[in-house]
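The values are calculated or read from the model by the stated rules, or taken from the named source; none is laboratory data. In this text the structure is predicted, and so the values were computed from the model without any measurement. Heads up, the Cβs are rebuilt from the backbone with ideal geometry, glycines too, and the neighbour counts pull from every protein chain shown. To get the accessible areas, we keep the full protein, side chains included, count just its heavy atoms, and leave off ligands, DNA and RNA. Shrake-Rupley method; radii C 1.70, N 1.55, O 1.52, S 1.80 Å.
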Amino acid sequence: MKQLKKLTGLFTLLIISLSLVSCDYSSITKLTQNESQKFDNFLEKEFTDYISSDYLTLHYSVKNPSKYNIDEPEITLGSLDIESFEEYDKDIQDTKDTLNSFNYSKLNEKQQLTYDILNEYLTTELISSGLYYYQSILKPTTGLQTNLPITFSEYTFYNKDDAYNYIKLLEDVDNYFDDIIEFETAKSEKGLFMSSTTADSVISEINDFIKNPESNYLIKTFDDRINELSDLSDTEKNDLSKTNKDIVINNIIPSYEKLSNTLTTLKSTSKNSGGLCNFEDGKKYYEYLLARNTGSSKSVDKIKTILEDRLSEKITELQGIAKSSPETVLALSDENFGSTSMSDPSEILEYLKTKISYEYPTGPNTNCTIKYVDESLEEASAPAFYMIPPIDDYENNTVYINKKQVNNTNLFPTLAHEAYPGHLYQTTYFSNTDPYPIRKALSFDGYVEGWATYAEINSYSISGIQDYNTINLQKILSEINLALPTLLDIYINYDGWSREQVNTYLSSNGYDNSLTDYLYNISIADPTNYSKYYVGYLEFLELQDKAMSSLSEDFEIKNFNKVLLDVGPAPFGIIEKKVDKFIEDNTKNK
């Protein structure tokens, strides 16, 4: 399944585990053993096809590909053309047909779990078949124009060959950007080009990145990395440094400028300043995005109802605190509201590692390096993000912090989200369970971001803050800040709400309607982005409520969290079956 990864996510790289588990088949018949072995071989081939689909994926996925007997692909950034998209659809269908040819009853429990997860993933992907030009490669904050420089700056040089191969990748940027320009031009011709406001945001981010060519951070980060290589002579380092600087200034910067100029020209061709549903197949594509990005099997309307009820519930709770403890709400105006006594990221990480042991199972020993987003990307970058490490080096991890968007007030929950017990902990815990490799090639953002949100909101209880009302208020506000844009995303992209309708909704419900443009613009620029965080979080809460109500005093949060972590990234319908088994086992043991 060479095109298994999402084509537009080329630079949002996944960590992939190669450690295939050897199963004990001593009590299984020969026929079953053959079917099991065939299934293992199928999964291994799908994985090796994926990991060698392009050079960048291979480099980020494994530190030492030679020991996995994987042939290195051509050193390019790949391509984005109609043939690639058509091949992707065909490949997904072929893979599903092959998967469904296996005798499910002949597979062991672990194989059946992998079968179920892969089958649902492929089924969801097929919903978008033929809707290639509905994809958004360029979008504010999370688009390729921002992810690409970060990906290059984090490209590890293990030896001098990596440095020379990196140069080859840089040299291919202009070809890759030509593909992007051709893709965006085709979208324009089909009446599917992004809104002019989205285009303006992307253009602004591009211009911020290229405004100081001589001091572009791709120059400094490259020099820092090659200076650490012992197998490079001083002459080689000097030559490479000059070559890199020349490519950045005369290849990378012009490619970005060309893209910016193209978007400036194309934005006048935008035919839709509203949500996805205004396009012919927009509702269908939105249904696909919501299913894919949340992992929920619920319909759009069902999710909308849940969001409406949850938001109303949180508003009522907020009003309750305002009535019973007005001083707590008034304290929100204090710039240090909710701050912990810790301001050093390393101190917070060590504190979280210790504190989470009461509610979360023990994970592998890992370390985390804190880095800061370069000034040229602060405006465009997310507040923080976790860089997924190679599968054979998952002990070493990196979290980026955006100083412009993270301060002492939100540093603690941010690190809980990105590191412990959020992304870093969940990723390394799952990798340490030795899953089938293909599991790490599949994207389930609802689980991944839902878990990190679950970890973040729960972290307020272990922040060291003593006042219950302050902790509760932080949790409530965190949910409202996610629930509101998630709900509006559906109203705008599925129900077709106009900017004026959003403004009226905000005003009539007591929200600051100065947020209208911001909330409207982020919804049309990146549909379902907030959904993966908040709908995923609510799915976890629903499972927790189910287990708590079923087991009552026998419920233990640490054991419950272990079930969620052991399953790993998957659709929530499959996770629910494991939770049901957890409930059944604990009921039997009473």
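Evaluate the range 395-407: report whether one residue or more is of a type outside the set (F, W, Y), part of a loop (DSSP other than H, G, I, E, B), open to solvent by 30 Å² or more (accessible area, probe 1.4 Å) and over 29 Å from F157 (Cα atoms). So far as the range 395-407 goes, yes, one or more of its residues are of a type outside the set (F, W, Y), part of a loop (DSSP other than H, G, I, E, B), open to solvent by 30 Å² or more (accessible area, probe 1.4 Å) and over 29 Å from F157 (Cα atoms). Only one of the listed residues (D489, D445, D495, D467) is at pLDDT 95 or above, over 25 Å from the mean Cα position of the chain (by Cα) and of a type outside the set (A, V, I, L, M). That residue is D495. One residue alone among N212, N207, N159, N238 is open to solvent by 20 Å² or more (accessible area, probe 1.4 Å) and in contact with a Leu (Cβ under 8 Å, 6 or more places away or on another chain), and that residue is N159.
Filtered by the rule that a residue be of a type in the set (D, E, K, R) and open to solvent by less than 40 Å² (accessible area, probe 1.4 Å), the range 366-391 gives a lone residue, E378. Residues in the range 481-527 that are in a helix (DSSP H, G or I) and among the small types (G, A, S): 6 in all. Annotation note: Cβ proximity below 7 Å between a residue of the range 160-173 that is over 18 Å from K220 (Cα atoms) and free of Cβ contacts under 8 Å to residues at least 24 places away in the same chain and a residue that is part of a helix (DSSP H, G or I) and of a type outside the set (D, E, K, R) (sequence gap 6+ or interchain) occurs for no pair.
Of all residues in the range 66-79, none satisfies being open to solvent by less than 40 Å² (accessible area, probe 1.4 Å) and part of a helix (DSSP H, G or I). Residues of the range 424-463 that are touching a Lys or Arg at 6+ places or on another chain (Cβ under 9 Å), within 18 Å of F337 (Cα to Cα) and open to solvent by 20 Å² or more (accessible area, probe 1.4 Å): N458, Y460, S461, I462. S268 - would you say it is under 18 Å from V173 (Cα atoms), at pLDDT 95 or above and of a type outside the set (A, V, I, L, M, F, W, C)? Taking the combined requirement at face value, the residue does not satisfy it. Exactly one residue out of E335, E347 is out of contact with any helix residue (DSSP H, G or I) (no Cβ under 9 Å at 6 or more places or on another chain), of a type outside the set (A, V, I, L, M, F, W, C) and within 24 Å of P421 (Cβ to Cβ): that is E347.
Rundown of residues vs (1) among the hydrophobic types (A, V, I, L, M, F, W, C); (2) at pLDDT below 95; (3) under 25 Å from the mean Cα position of the chain (by Cα); (4) open to solvent by 10 Å² or more (accessible area, probe 1.4 Å), yes/no style:
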| position | (1), (2), (3), (4) |
| --- | --- |
| Y511 | no, yes, no, yes |
| I522 | yes, no, yes, yes |
| E539 | no, no, yes, yes |
| K546 | no, no, no, yes |
| S550 | no, no, no, yes |
| I574 | yes, no, yes, yes |
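Report yes if T504 is open to solvent by less than 10 Å² (accessible area, probe 1.4 Å) and either at pLDDT below 95 or β-branched (V, I, T) (or both), otherwise no. When the stated conditions are applied, T504 does not pass them. For Y534, state whether it is touching a residue at least 24 places away in the same chain (Cβ under 8 Å), assigned to a helix (DSSP H, G or I), open to solvent by 10 Å² or more (accessible area, probe 1.4 Å) and under 30 Å from A380 (Cβ atoms). No, not satisfied. Within the range 187-202, the residues that satisfy the criterion of being more than 23 Å from the chain's Cα centre (by Cα), open to solvent by less than 20 Å² (accessible area, probe 1.4 Å) and touching a residue at least 60 places away in the same chain (Cβ under 8 Å) are S188, G191, F193, S195. Of the residues examined, P435 is one that is touching a Gly at 6+ places or on another chain (Cβ under 8 Å), farther than 24 Å from G143 by Cα and not in a helix (DSSP H, G or I).
Among residues that are modelled with pLDDT of 90 or more and more than 20 Å from Y121 (Cα to Cα), T95 is not included. Quick one: in the range 464-480, which of the residues that are free of Cβ contacts under 8 Å to residues at least 40 places away in the same chain and assigned to a helix (DSSP H, G or I) is most open to solvent (accessible area, probe 1.4 Å)? By that ranking, first place goes to Y468. Scanning the range 316-331 for residues that are over 17 Å from A483 (Cβ atoms) and open to solvent by 70 Å² or more (accessible area, probe 1.4 Å) yields a total of 4. Restricting attention to the range 179-237, the residues being more than 26 Å from T156 (Cβ to Cβ), of a type in the set (K, R) and assigned to a helix (DSSP H, G or I) number 1.
When the range 104-151 is filtered for residues that are in contact (Cβ under 8 Å) with a residue 12 or more places away in the chain, among the charged types (D, E, K, R) and open to solvent by 20 Å² or more (accessible area, probe 1.4 Å), the ones remaining, listed by number, are K106, K110, D116, E120, K139. In the range 552-572, what residues are small (G, A, S) and surrounded by fewer than 22 Cβ atoms within 10 Å (Cβ to Cβ)? Selection gives S552 alone. Listed by position, the helices (runs of 4 or more DSSP H) enclosed by the range 87-177 that each have at least 2 residues that are under 21 Å from A291 (Cα atoms) and among the polar types (S, T, N, Q) are 109-126. Of the residues I210, I150, the single one that is of a type in the set (A, V, I, L, M) and within 30 Å of Y286 (Cα to Cα) is I150. Checking each residue in the range 332-342 for being over 27 Å from S531 (Cα atoms), touching a Gly at 6+ places or on another chain (Cβ under 9 Å) and open to solvent by 60 Å² or more (accessible area, probe 1.4 Å) picks out only S341.
Restricting attention to the range 271-315, the residues that are open to solvent by less than 70 Å² (accessible area, probe 1.4 Å), without any contact (Cβ under 8 Å) to a residue 24 or more places away in the chain and not small (G, A, S) total 2. Could you tell me how many of the residues in the range 533-559 are in contact with a helix residue (DSSP H, G or I) (Cβ under 7 Å, 6 or more places away or on another chain) and under 22 Å from E479 (Cα atoms)? Result for the range 533-559: 12.
Apart from one condition, K267 fits all of (1) part of a loop (DSSP other than H, G, I, E, B); (2) in contact (Cβ under 8 Å) with a residue 40 or more places away in the chain; the exception is (1).
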